[in-house]
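Only one structure is covered here, and it is reproduced in the block below.
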Amino acid sequence: MTTDAAADQTDGSPEFDTSVAHVARVYNYWLGGTDNFAADRAAAEQAMAAYPDIAASARSNRALLRRAVGHLAGEAGIRQFLDIGTGIPSANNTHEVAQAVAPDARIVYVDNDPVVLAHARTLLKSSQDGATDYLDADLRTADQILAGAAETLDFSQPVAIMLMAILQHISDEDDPYAIVGRLLSAVPAGSYLALSHPARDIEPEKMAAMAERLNQMMAEKVTFRAEGEVARFFDGLELLEPGLVNAPNWRPGSAEEARRPAALWVGVARKP
Amino acid sequence: MDLVQQPLGDAADLTHQEIASGPTVLRMMLGSQLRALREAAGISPDEAGYEIRGSRSKISRLEHGRVGFKERDVSDLLTLYGVTDERQRSHMLLLAQQANSQGWWAKYDDILPDWFETYVGLEQATSLIRTYELQFVPGLFQTEAYARAVTLLGHRSAPAEEIERRVSLRLKRQELLAGPGPRVWAVIDESALRRPLGGRDIMRAQLRHLLEVGLLPHVTLQVMPFDRGGHSAAGGSFSLLRFAEADLPDIVYIEQLTGALYLGKPEEVDHYREVMNNLSTEAETPADSERLLKKIIRAT
């Protein structure tokens with residue numbers, strides 16, 4: 001190998017740091033996955049010590065994603081999904097649920113972590129009739145996401161924007177409301193926003209203790225929000241029944257799903 | 001798999017997953033359960049070994065799933081560990097019984113060294129195989145002719161019949177790809193694709209076969225081009241196996257000329273997972289890999 005090639009390689013290789021906990025891998029641990037490292041497991045355990053139901057809450061979020069996408073691809077007839085904050089693939093990923101209902105559904109996954117994207121490209125293969133694409137972008141750069149997604153999605157047709165347990169990583173200084181507003185401005189009437197957000201006002205003491213520990217151990221900080229703050233994301237939209245609720249109460253598929261503890265505000269809304 | 005058809009008592013049914021896992025993984029599962037029970041009971045390996053007329057190393061082999069189980073041993077250990085619940089006891093005895101049965105690969109005993117038999121057994125029970133290959137096209141993706149060329153490299157003086165049995169074992173393993181088996185995620189070094197094993201025609205056919213395999217829904221191919229990946233790959237080829245059973249840890253498999261390493265300690269697995277993640281992010285994306293593969297085919 002020449003010196004130049006070696007230099008190129010160092011510049012071009014998306015190294016990642018396993019000594020600091022990473023949100024996608026912490027989440028993977030809560031879901032029972034093995035794509036995590038010692039620092040991730042330590043942070044995940046610390047969080048569980050503060051809020052023992054966090055693993056159940058993470059599973060609630062996955063179950064909710066399945067129900068929400070099932071509804072959107074089914075009754076609502078949506079064929080295009082923009083899933084921002086993909087995370088390490090788990091069971092019932094957006095395209096699997098959507099394409100099971102509508103094989104021609106088109107899904108763009110967005111994440112800002114190279115390892116997540118490598119997993120996503122591999123484990124989230126599309127059906128033959130539909131399409132999946134993967135963007136390496138940060139939610140703070142909504143315009144970049146929209147430009148990239150336009151290669152796969154037709155923004156003159158309805159799109160479901162999925163922001164599942166991701167906005168807690170956007171601090172108030174980065175104005176999450178402006179980001180969601182920018183995304184919604186790019187999609188036509190009849191589009192949807194599906195959003196889940198860790199709650200500051202459900203199990204408040206435990207959630208506060210968990211946030212503090214995560215913020216000590218994770219590179220990406222978290223801001224949990226209260227019901228009213230999460231409701232603002234839906235300003236100008238029509239919330240579907242049952243409105244903004246804790247994840248297990250959003251159209252639970254079984255008594256077991258309804259009982260599973262969680263601290264996540266959830267809503268699915270239509271753009272009029 | 002044959003095991004599925006065996007009738008099971010209803011008192012302590014094995015889960016479908018346990019049955020489909022095959023004997024190698026059942027041994028590991030049973031072993032790790034026995035270790036957990038022993039530790040919970042505060043009993044040393046020496047004491048446990050004595051109970052079953054053996055030594056501490058016999059307990060170690062059992063707990064690591066390296067050997068089969070005698071039902072009497074399992075029963076005595078359960079008693080020693082204070083497990084009296086009949087359901088739990090009969091479930092574990094049933095596991096021991098199943099773990100002693102033979103996999104389909106047992107009939108290749110004559111050509112299958114122990115170290116590789118373990119791999120074939122594990123492979124059957126995976127939910128995800130991630131593999132990095134520097135030298136050859138991964139075994140699961142080889143054409144018959146290419147597999148024969150690779151086999152001949154290693155066994156030049158073997159009789160033709162033995163070569164054919166080795167090739168046939170390799171092809172038999174590929175039945176995993178017909179589904180609903182594991183996802184296979186391979187990073188293949190460009191050199192493995194440029195080296196014309198068996199000659200240009202065989203290699204061209206092999207590369208075309210790779211293109212087809214890459215289209216399977218549960219297979220992903222990434223090519224590591226010559227100009228990348230040097231430092232991550234310093235350790236050579238390896239595989240990372242993940243199992244459908246949630247309580248089994250991931251395992252790193254490293255093949256050597258006359259044996260293999262199976263690494264299962266969390267810090268070792270973490271290290272290889274980190275390298276594998278680096279390789280996957282450095283390699284061409286699956287879409288670009290397909291383009292590169294087509295380019296290599298044209299040049300072959």
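Brief remarks follow.
- Gyration tensor over alpha-carbon atoms, chain B, equivalent ellipsoid semi-axes in Å: 39, 20, 18
- Neighbourhood charge, 12 Å Cβ-Cβ cut-off, centred on B:VAL83 and excluding it, Lys, Arg +1 and Asp, Glu -1: 0
- When the Cα gyration tensor is reduced to axis lengths a ≥ b ≥ c, the ratio a/c is 1.5 or higher for region A:36-131, and with a/b not above b/c it is classed as oblate.
- Sparsely packed loop sites in region A:171-225 (the GluC sites (Glu not before Pro) outside DSSP H, G, I, E and B with at most 10 other Cβ atoms within 10 Å) do not occur.
- Per-residue Cβ neighbour rank within 10 angstrom, fewest leading, B:LEU263, A:LEU184: B:LEU263, A:LEU184
- Label sites at B:ARG204 and A:ALA209, each approximated as a point 7 angstrom past Cα along Cα to Cβ, lie 6.9 nm apart.
- Average Cα contact separation per residue, region A:125-251, under 8 Å, 6 or more apart, as relative contact order %: 23 percent
- Estimated at 0.36 nm per residue, the fully extended path between B:GLU86 and B:ARG56 surpasses their Cα-Cα distance by 8.1 nm.
- Lys, Arg +1 and Asp, Glu -1 on Cβ, resulting dipole of region B:144-250 about Cα centre, debye, nearest 20: 340 debye
- B:GLU212 paired with A:ALA150, simple spin-label distance in nm, labels 7 Å along Cα-to-beta-carbon: 4.1 nm
- Candidates B:ARG204, B:ARG148, B:ARG156, ranked by Gaussian network fluctuation over chain B, Cα under 10 Å, top entry: B:ARG156
- Dipole in debye (nearest 20) - the protein assembly as shown, about Cα centre, beta carbon charges: Lys, Arg +1; Asp, Glu -1: 1260 debye
- Choice from B:LEU153, B:LEU177, B:LEU134 with maximal GNM fluctuation in chain B (Cα, 10 Å cutoff): B:LEU153
- Alpha-carbon Rg/Rh ratio, for region A:179-272, with Rh computed the Kirkwood way: 1.02
- B:GLU255 versus B:ALA106: modelled label distance in nm, points set 7 Å from Cα along the beta carbon direction: 2.4 nm
- Area projected by the alpha carbon convex hull of the protein assembly as shown, averaged over all directions, nm²: 29.3 nm²
- Close Lys-Lys pairs in the protein assembly as shown, where close means Cα under 22 Å and separation is 8 or more or interchain: 5
Every read-out reported here was derived from the displayed coordinates using simple, explicitly stated rules and does not represent laboratory data. Since the model is a prediction, treat every value here as computed from it, not as a measurement. For neighbour counting, all protein chains shown are included, and Cβ atoms are generated from backbone atoms with ideal geometry for every residue, glycine included.
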